[in-house]
Each structure stands twice: as structure tokens, then as C-alpha cells.
Amino acid sequence: MNKSKGMFISLEGSEGVGKTTSLKFVQNYIESLGHKVLLTREPGGTPMAEELRNILLSEREEKVEADTELLLMFAARCQHVNQVIKPALEQGTSVICDRFVDASYAYQGGGRGLDFSRIQQLEEWCLDGFKPDLTLLLDMSVEEGIARTKKRGKADRFETEKMAFYEKIRAAYLLRAEQNPQRMAVIDAAPDISQVQTSLKSVLEQTYNQ
Ligand code: TMP
């Protein structure tokens, strides 16, 4: 790792995999190493990108085109990367992002069925080779994940989609991990929290000791 620059870490996974608890754990771990940390999320992370998030996640009568959804995700990402993520990394702050570009491949590619090549074009256009140093993919069976979300509050537009949609999302995430083994680590999110945290810690240790 380039010691003068911050580390860029994204956390990914389908619904109910325990992202929030893991984000906190990753933040605490990196801070314990003495690094400054910025915790942010996608879609969102700037005032304008958060407005786009509200547009994207709100329930509406009008059918949302998959391309519209993809373009808005990238519009928010472009704003977020240039206004927040890159400046923080330049200042030596580590950035932990709750979802990043792999979510577009998983949800708009896998879930909505858009061609990965189309997403790749947008990735090249908006990110121009910029990517996380490390992506932690929390993985568990769709059935278990959905069961866990049911214990939470009201579902948003994405969460009310059917099971098959989530199976496609999970498969696309796992494919991304297979295609990007250097950057992406798959963490089994099914065991209890302490075991998940042990797995997270071991990946983070390797990354920070490189
Ligand atoms: P969250 O619930 O994890 O905050 O994420 C909001 C929703 O946005 C989640 O269901 C996944 C979805 N999403 C996409 O569909 N594509 C993307 O590129 C991103 C970042 C999120």
C-alpha cells in the first residue's frame, strides 16, 4: 500500500448480510491502527448524491427503466468519487464505502439483467481505472439474508423485490469476486458475529501489512 495515501475499502453484499455491523467493525479496526477513517455510502455520500439516493430508493408508481437506474447510480458515484472519496484519500484518510461499483454489476447487471459490458463502459467513463484497494464481500444464502431483513423496519423498493432477483444479485457478486481475486475477499457472513469479525480482521491484517 502507498503509505502517504489513504486506503479505499468497499463493503458489499446482498440484503440482510450484516453490512452495518461489519462497517463499524472495519472502521474501529482501521482506526485502532492509527489511521483516520471516513465512512461513507453509495448511492449517496454528498448532498447531491444523497438526493439521487432518495430518488432511487423511493417507492413510485412510474416504472423505473433499468438504464435510468444505472445512470443515476453512476451520476451519484461520479459526484461522490470526485467531491469526497479522492480528496479524502489524497489527504491520507482511509475511506470505507458502504457499496461501490460492484453493486452496480450485482444489482443492475445481475438483478436487472443489464449487460456487464454496458456497466463497464460507464465504469471506464466515470472512474477511469479508479477502484477500491480492497472489497469485502459479505456472502450468505439468499433465504437466510431475507429472513434477517424481515426482522428490520419497512422494506424499500429494492428490498421488496422477489427471491429470484436476490439469487441473481448474489451470483453476480460471486462472479465479480472470482474475476477480481486480488481485490475482492469473500467473507462467509452466515456464522455468528464474532466469527465474521475474525474473518474480516484476518483480511484487513493481510491488506495493511502488505
Ligand atoms: P443500502 O440499502 O445498502 O444502503 O443500498 C441501497 C440500495 O441500492 C441497495 O438495495 C442496493 C442498491 N444499489 C444498486 O442497485 N446499485 C448500486 O450501484 C448501489 C451502490 C446500490
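The values are calculated or read from the model by the stated rules, or taken from the named source; none is laboratory data. None of the values given here were measured: they were computed from a predicted structure. Each accessible area value is taken on the protein alone, full model and side chains, heavy atoms only, with ligands, DNA and RNA left out. Shrake-Rupley method; radii C 1.70, N 1.55, O 1.52, S 1.80 Å.
Okay, here's what the table says:
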quantity	calculated
Computed log₁₀ I(q)/I(0) - Debye formula, equal Cα scatterers, no solvent, the chain, q 0.10, 0.14, 0.16, 0.17 Å⁻¹	-0.41, -0.84, -1.13, -1.29
Per-residue SASA entry for R53, accessible area with 1.4 Å probe, Å² rounded to 10	50
Accessible area, probe 1.4 Å, largest first, for residues V64, V26, V186	V186, V64, V26
Cross-link table K5/K86; K19/K151; K36/K201; K24/K162; K63/K151; K19/K86, entries beyond 21 Å C-alpha to C-alpha	K24/K162; K63/K151; K19/K86
Anisotropy class of the range 1-112 from Cα gyration tensor, a/c 1.5 cut	prolate
Percent accessible area from carbon and sulfur atoms, the chain, protein chains only, probe 1.4 Å	49
Bridge type composition, the chain - antiparallel percent by DSSP, nearest 5	0
Whole-number accessible area per residue in Å² for the chain, which is evaluated in the context of all protein chains at 1.4 Å	52
Whichever aspartates and glutamates have a C-alpha closer than 16 Å to that of K150, once near sequence neighbours (fewer than 8 apart) are set aside	E15, E159, E161
